[in-house]
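Contents: one structure, followed by commentary.
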Amino acid sequence: MGKKIITLLIIILSLSCNTKFEKNKWNIGTDYEYPYREKMLNDLLNNYDLKGKNVNEILNLLGKPNDFCDQNQYEFGYRIKIINNSESKYDSAIIKSLVLELDKSKPYIDSLTTVINVYLTQ
């Protein structure tokens, strides 16, 4: 009986850690604080095939990105979570982001440019 209760509690806890992706909740937050993104990340990555979508489809799904990578114009990202490494809120902080890499075959990016890779940074 005790093993069944423990198993049930583990299942309930694992389900409560993940939330279905909702665009409105995804975009709730401030510059560095997005309270729902990390909980929705698994559902987004498992149930929405971001790779192969074009920029317009991504913007319609996820909204405006937070980061345009300075070193690579063919990448943009969505901040997921700030991991603080010090007493100061943002000093030495590590930013977990969802990064979308775009097709580099054209010399410019437009609304039809396709996502060729999706990865997380931390």
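The values are calculated or read from the model by the stated rules, or taken from the named source; none is laboratory data. Quick caveat: nothing in here was measured; it's all calculated off a predicted structure. Note: ideal-geometry Cβ built from the backbone for every residue, glycine included; neighbour counts use all protein chains shown. Accessible surface areas use protein heavy atoms only, side chains included; no ligands, DNA or RNA. Shrake-Rupley method; radii C 1.70, N 1.55, O 1.52, S 1.80 Å.
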5 Å is the cut-off here: which amide hydrogens, built 1.01 Å from N in the peptide plane, fall below it relative to Asn117, excluding neighbours closer than 5 in sequence? Glu101
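Pairs Lys25/Lys64; Lys23/Lys104; Lys20/Lys104; Lys25/Lys104; Lys81/Lys106: which exceed 21 Å Cα-Cα?
Values: Lys25/Lys64 14 Å; Lys23/Lys104 27 Å; Lys20/Lys104 32 Å; Lys25/Lys104 31 Å; Lys81/Lys106 32 Å.
In this structure, Lys23/Lys104; Lys20/Lys104; Lys25/Lys104; Lys81/Lys106 lie more than 21 Å apart at Cα.
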Taking a crude spin-label model, label points 7 Å out from Cα along the C-beta direction, the Glu38 to Tyr108 distance in nm is 4.0 nm
When all protein chains stay in place, what accessible area (Å², nearest 10, 1.4 Å probe) is found for Asp49? 110 Å²
